[in-house]
Ligand SMILES: Nc1nc2c(ncn2[C@@H]2O[C@H](COP(=O)(O)OP(=O)(O)OP(=O)(O)O)[C@@H](O)[C@H]2O)c(=O)[nH]1
Ligand SMILES: Nc1nc2c(ncn2[C@@H]2O[C@H](COP(=O)(O)OP(=O)(O)O)[C@@H](O)[C@H]2O)c(=O)[nH]1
Ligand SMILES: [Mg+2]
Ligand SMILES: [Mg+2]
């Protein structure tokens, strides 16, 4: 079931919110932080704890619509609900939303209180249910054994408590109110569409019939609620589980109807055919409005023939499709002729999907040319697309320049680390107590040893006593390479020759460093392929057994798609052999991206790696000298990427 | 067709000529249906002249001042540049900035907030009825890159922190405050900063004196380590790291050439009128 629906500005102000069950934790904030702020809005849903979240943007007003529901339910109508609510909300409060966007303190929360969310929810829920029932045998809740049981127990209980009559009255009153509101709304919609919809009269009465079904639905809901209250759980959600077969068939049906150009006419014809079977809707409607719906009348309605019911259902679907078409027309109607020029001049042009598509495609190609992994380039442009569709262009602003600017912001956000890694401060913090240990890992020949030497130079220059640990016990010449660096840098190397267990050498090195008063131990490791499980396990052992303070992944800036694979596998493998003393899973802490001097402006690997793992780039290797170790300037990377 | 931009191509930087190209086509598109007797070139020249005049007249004084300022060196002893007039709320995520935004602009806390992605703009009215722009900056780490721009027009900064979780976050808090205090704008314009320790009504909140001294200690460490990190790669930002306070002595907020004041309170508490903040703003703007 839906637990929460929230409408919030991108500034973080909740304009409207409804809660059916108190949320545990803060799933919405989590979603904003983990998805929206990390530029993953290409995803369409997010799961956290027991919740599933779905959302949609109204970019013109910087609004986000968020639905939260229990993960165990598959709610078919959430997407539709989000769109319907968005449409209604934006339409209803357009002026105020513009004002709020310009000045957040012009907000008047009072005015949002009247938002008729429940009506929309009911409608959408009903449509969804009807679509289900239309293919399978009509399954009214009351008709199912469970439903009957539920209803009977409920009645019994109420009788016992003597509240039945009272409740019934309340329910009736509630239903009337709902009906009335619904009709008001219909009337309003009618005004909106009157010129586009020729069969408006028929539709009007048809909608009222739907209202009847919907009021039945609302009764169901009441029962559900009641059941919950009485702790006789288990009947809820029975209707929400849907047979995949049904889904398939329903989709086929809808597709068929969409295809048929006659669908609309047909619905009207069907309608006429059916009218005699049903109460004269229009008159009845008036009567309902007057609040005279008697029990017998209701029963008569319920007893209506199965076949007739099916017809109504079909009509609803058709009607629904027409409805959608009308609405999408309205939204995406491209301005034509003079209006178009006028809109360009006055800056009233709204960015459409069609505007974006070719530009985003170009950007995707551009990004892949800059060495961004293809799937990541795709996700990036999609994220930019979702953030821009529906936004207004200002005067003389081109879509391309807006996309570029947004792309810039998006990439900047991706590259901005969540946590600043301040190695000097961390070393300082443990200085005197124990040596600080840094492990350099990565595949073969990427520059682990060279950049280890650069880091050594930098730490030494900052007054720390550094020791190197030669734990690449495999590649011939590795120890000699380290020795050469150590001589030049005037530091000590700890070595135990080739072929030994790297993890225990590292352990010995750390102990030795502690005894000799070293502040930092830099651990060189053997290059290994990310798919070599025994070697990856060995790395995990080295890191966890010795409780390394910082694990760096060294990767080449030249790598293409493989870079992401390397990094993710290294990251995952660190937890192969767990360290029981750590509460959290051991991960790669940072990246050194080497050979940055050789790639010109093909900086894509940086984006791919950070986007796919969220691990920050600590240093860039920019050459063969000890001073060629740089901190990344996000601005200039973004610039290289987008020019 | 010999479009006008082809004549200027090469004379201008490529970016500029790209812009001209784009607009040329757009104007061309707009004008085509009218079948005007003059060519688009002339109309464009006329429009461009008007535009240039307009820009020059409206931006003239400010643009010249900004160009002169960028050449002056950023030294703490030099004369500070002119500040903006915005009241900017900043601080880590969850500190209570957005709620404070509403308390300052509408005197209400009857509002629910979620974490901000974008800034909120509003108006703050001083006791003397002066209206000032009020900006609530998002605090999430991922939005950090936008902070320099947001701070660039600040007249005063209210740095909000959560006093009830401070001890768990002090390092992060110090890093973030360091970024604010060493930002180009604050440093060059001597923008006064109020550090507001929020949520003080919670049990176990740290008092502002303790927070102040812990921050001083952490900032002292940070200015050593930050200054020593390898230079940022990229020519446009190889500026020297700004040194906070007086070299050779332990860092103190008093050493800064602009006012840094501590205050504590509770935004959510209806009876807390946040007098310090109001006074601070009135004093400086
Ligand atoms: N207990 C207590 N809670 C507060 C106080 N002020 C704000 N909060 C709560 O702290 C939470 C975060 O407040 P926001 O104003 O949204 O935080 P923010 O600083 O804007 O956060 P970002 O937008 O993520 O940067 C909200 O739940 C507030 O209700 C306070 O004085 N006391
Ligand atoms: N141009 C350039 N070459 C580098 C950089 N880092 C490492 N190298 C070179 O890459 C090669 C492999 O380096 P090495 O440290 O032995 O890699 P390892 O196998 O990972 O330890 C050496 O020739 C290094 O000089 C860098 O940042 N830029
Ligand atoms: Mg090596
Ligand atoms: Mg906020």
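Per-structure values
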quantity	calculated
Single residue of the stretch A:36-45 satisfying the filter (more than 16 Å from ligand 4 (Cβ to nearest atom) and within 11 Å of another protein chain (Cβ to nearest Cβ)) that is nearest to residue A:58 (Cα to Cα)	A:41
Within the stretch A:331-438, helices (runs of 4 or more DSSP H) holding 3 or more residues that are exposed (fewer than 15 other Cβ atoms within 10 Å of the Cβ) and modelled with pLDDT of 90 or more	A:353-369
Any hit, the stretch A:70-80, residues being crowded, with 22+ Cβ neighbours inside 10 Å, farther than 23 Å from residue B:99 by Cα and at pLDDT below 95	yes
Options B:116, B:39, B:105, B:58; residue that is more than 16 Å from ligand 2 (Cβ to nearest atom) and at pLDDT below 60	B:58
Residue among B:117, B:191, B:200, B:195 that alone is away from ligand 3 (no atom under 16 Å from the Cβ) and not in a loop (DSSP other than H, G, I, E, B)	B:195
Among (1) in contact (Cβ under 8 Å) with a residue 60 or more places away in the chain; (2) more than 14 Å from chain A (Cβ to nearest Cβ); (3) within 16 Å of ligand 1 (Cβ to nearest atom) - the single one residue B:169 does not satisfy	(2)
Scan of the stretch B:243-281 for residues that are surrounded by fewer than 19 Cβ atoms within 10 Å (Cβ to Cβ) and assigned to a helix (DSSP H, G or I), ordered by number	B:254, B:255, B:275, B:276, B:278, B:279
Residue in the stretch B:113-135 that is farthest from residue A:614 (Cα to Cα), counting only those that are more than 7 Å from chain A (Cβ to nearest Cβ) and either near ligand 1 (Cβ under 10 Å from one of its atoms) or under 12 Å from the mean Cα position of the chain (by Cα) (or both)	B:134
Criterion violated by residue B:110 - all others in (1) modelled with pLDDT under 95; (2) more than 9 Å from every other protein chain (Cβ to nearest Cβ); (3) closer than 20 Å to residue A:99 by Cα satisfied	(2)
Out of A:453, A:469, sole residue that is within 11 Å of ligand 3 (Cβ to nearest atom) and on the phi < 0 side of the Ramachandran plot	A:453
Every pair of residues 6+ apart whose Cβ atoms lie under 6 Å, when the first sits in the stretch B:200-215 and is farther than 18 Å from residue B:252 by Cβ and away from every other protein chain (no Cβ under 14 Å) while the second is within 14 Å of ligand 1 (Cβ to nearest atom) and part of a helix (DSSP H, G or I)	B:206/B:166
Tally, over the stretch A:410-433, of residues that are without any contact (Cβ under 8 Å) to a residue 24 or more places away in the chain and more than 8 Å from every other protein chain (Cβ to nearest Cβ)	3
Residue in the stretch A:472-486 that is nearest to residue A:502 (Cα to Cα), counting only those that are in contact with a strand residue (DSSP E or B) (Cβ under 7 Å, 6 or more places away or on another chain) and away from ligand 3 (no atom under 11 Å from the Cβ)	A:483
In the stretch B:96-112, residue nearest to residue A:109 (Cα to Cα) [restricted to those that are more than 10 Å from ligand 1 (Cβ to nearest atom) and crowded, with 22+ Cβ neighbours inside 10 Å]	B:105
Selection status of residue A:57, at pLDDT below 90, surrounded by fewer than 22 Cβ atoms within 10 Å (Cβ to Cβ) and under 18 Å from the mean Cα position of the chain (by Cα)	no
Top-ranked residue in the stretch A:520-535 [being touching a helix residue (DSSP H, G or I) at 6+ places or on another chain (Cβ under 6 Å) and more than 16 Å from ligand 2 (Cβ to nearest atom); ranked as farthest from residue A:424 (Cα to Cα)]	A:521
Unique match (being in a loop (DSSP other than H, G, I, E, B) and either in contact (Cβ under 8 Å) with a residue 40 or more places away in the chain or within 13 Å of ligand 4 (Cβ to nearest atom) (or both)) among B:139, B:122	B:139
In the stretch A:470-481, the residues that are in contact with a helix residue (DSSP H, G or I) (Cβ under 8 Å, 6 or more places away or on another chain) and more than 9 Å from ligand 2 (Cβ to nearest atom)	A:470, A:471, A:473
Near pairs, Cβ below 6 angstrom, 6+ apart or cross-chain, from the stretch A:598-609 (surrounded by fewer than 24 Cβ atoms within 10 Å (Cβ to Cβ)) to any residue that is in a helix (DSSP H, G or I)	A:601/A:640
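The values are calculated or read from the model by the stated rules, or taken from the named source; none is laboratory data. What you see is a predicted model; the values in this text were computed from it and never measured. Cβ sites come from the backbone with ideal geometry, for glycine too, and all protein chains shown count toward neighbours.
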